[in-house]
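For reference, the structure is listed below as structure tokens.
The values are calculated or read from the model by the stated rules, or taken from the named source; none is laboratory data. Here the structure is a predicted model, which is why all the values come from computation and not from measurement. Counting neighbours? That spans all protein chains shown, and the Cβs are built from the backbone with ideal geometry, glycine included. Accessible surface is based on the protein model in full, side chains and every heavy atom, while ligands, DNA and RNA are left aside. Shrake-Rupley method; radii C 1.70, N 1.55, O 1.52, S 1.80 Å.
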Amino acid sequence: MTVLQKKADNPIAHLSADDIEEIGRRLDAIRAEVIAARGASDAAYIRKVISVQRKLELGSRAVLLASLFPPAWIVGTAGLSVAKILENMEIGHNVMHGQWDWMRDPKIHSTQWEWDHVSPSEQWKHSHNELHHTYTNVVGKDNDLGYGIMRVDEDQKWYPAYLAQPLWNFVNACFFEYGIAAYDLELGKNLATKQRRQDPAFKARTKEVFKKIRGQMKKDYVVHPLLSGPSALHTLAANFTANVVRNLWSHSVIMCGHFPEGVETFEKKSIEGETRGEWYLRQMLGSANISGGRAMHIMTGNLSYQIEHHLFPDLPSNRYQEIAPKVQQLFRDYNLKYTTGPLPKQVASAWSKVIRLSLPNDFAAKLGAAARLNLRRGAGAELTA
């Protein structure tokens, strides 16, 4: 397995093939333990979260009927923002991973769930579950890494267009659900040639996306505003704001999970003949966590435990906190770095990396050298004076 980022030391050079396979066996044992223990308390958890989310959304939309009044607008918008985040992160994302399929409840099953999002669930499950979680942080295979539009590693060739990377990453954050829908359609690849553009399968998927977008726009920007009567424009603004808040939040959480300093990326050739233990190791090195309290974990869909999620994407999300100490111990036992930190630190780290990689590799070094030279000149001038 080749770590792609340029480093003086390979962080896994000290591991033997037997070490890596033993890591895999120990992680398999953790997984089996959780599967054997799934039961009524887990089912009660997800049902409670769904109930709370639906009541919060309904209550917030009721308050927005009076959104002509500023206090009602603020309360309704805040409540709707939280409800949308819960629906996307802790419910939709995890239900569509199949985390609750073992309950055999058709209302909470990965094959039946359609989320409050412009990306159709079936397309998202393919691009996310089948591609991203299989090829985690493999440059050229995992388009979640940089969402297919960014330079994500020093070994990627730099082009002047990357100078705009911080700007388009911010725009993508504000309208993240549309970016995900475009990513699910693999627009970059499918618009490249006339043959791909005219492919019936691509046209059918595009039609599904536009149908989903129309439904979401109709719900948030026509039906609910009209139901508010005199408060229609205020409700429309509240719905737009809640969607942007949800997009910014989910974008930040996902950036923190795969883009802070300390997270590794991999070459395509590194996964050739990959064993189960090597796949586990790639998930360990290619993910990062966010530290925080219970509310933080729920609002991130427990993706604050991104490492544990990537190791066990189909285990109930409420179990990640329970197994995290065992995973951390495994990192310690094999002298591996468990990348984690509070949200502000991880967001700052991820954005710093976005900005750094938007520049040529040697630019920062030259800038630093120039700054040090100017500092020495300034000091020399003071001594002369």
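In table form, for the structure just shown:
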| read-out | value |
| --- | --- |
| Qualifying positions in the range 175-227 - within 23 Å of the chain's Cα centre (by Cα), of a type in the set (Gly, Ala, Ser) and open to solvent by 40 Å² or more (accessible area, probe 1.4 Å) | 188 |
| Sole exception among (1) over 24 Å from the mean Cα position of the chain (by Cα); (2) within 27 Å of residue 336 (Cα to Cα) for residue 31, by number | (1) |
| Residue match in the range 76-89 (condition: over 23 Å from residue 253 (Cβ atoms) and modelled with pLDDT of 95 or more) | yes |
| Among residues of the range 98-125, those that are β-branched (Val, Ile, Thr) and not in a helix (DSSP H, G or I), counted | 2 |
| The range 73-82 - residue that is in contact (Cβ under 8 Å) with a residue 60 or more places away in the chain and either under 22 Å from the mean Cα position of the chain (by Cα) or surrounded by fewer than 20 Cβ atoms within 10 Å (Cβ to Cβ) (or both) and, of those, nearest to residue 243 (Cα to Cα) | 81 |
| Selected residue (only one of 279, 249 is at pLDDT 95 or above, open to solvent by 10 Å² or more (accessible area, probe 1.4 Å), in a helix (DSSP H, G or I) and not acidic (Asp, Glu)) | 249 |
| Enumeration of residues in the range 126-139 that are open to solvent by 10 Å² or more (accessible area, probe 1.4 Å) and assigned to a helix (DSSP H, G or I) | 126, 128, 129, 130, 131 |
| Close pairs (6 angstrom Cβ cut-off, 6 or more residues apart or separate chains): more than 17 Å from residue 127 (Cα to Cα) in the range 145-163, modelled with pLDDT under 85 and part of a helix (DSSP H, G or I) anywhere | 152/145; 152/146 |
| Verdict on residue 239 being more than 19 Å from residue 68 (Cα to Cα) and either more than 24 Å from the chain's Cα centre (by Cα) or in contact (Cβ under 8 Å) with a residue 24 or more places away in the chain (or both) | no |
| Complete set of residues in the range 181-216 that are free of Cβ contacts under 8 Å to residues at least 40 places away in the same chain, in a helix (DSSP H, G or I) and in contact with a Lys or Arg (Cβ under 8 Å, 6 or more places away or on another chain) | 189, 190, 196, 202 |
| Residue pairs meeting the criteria (Cβ under 8 Å; at least 6 apart or on separate chains; first more than 15 Å from residue 39 (Cα to Cα), in the range 103-114; second exposed (fewer than 11 other Cβ atoms within 10 Å of the Cβ) and not basic (Lys, Arg)) | 112/106 |
| Extreme residue, farthest from residue 43 (Cα to Cα), among residues of the range 280-336 that are of a type in the set (Ser, Thr, Tyr) and within 18 Å of the chain's Cα centre (by Cα) | 287 |
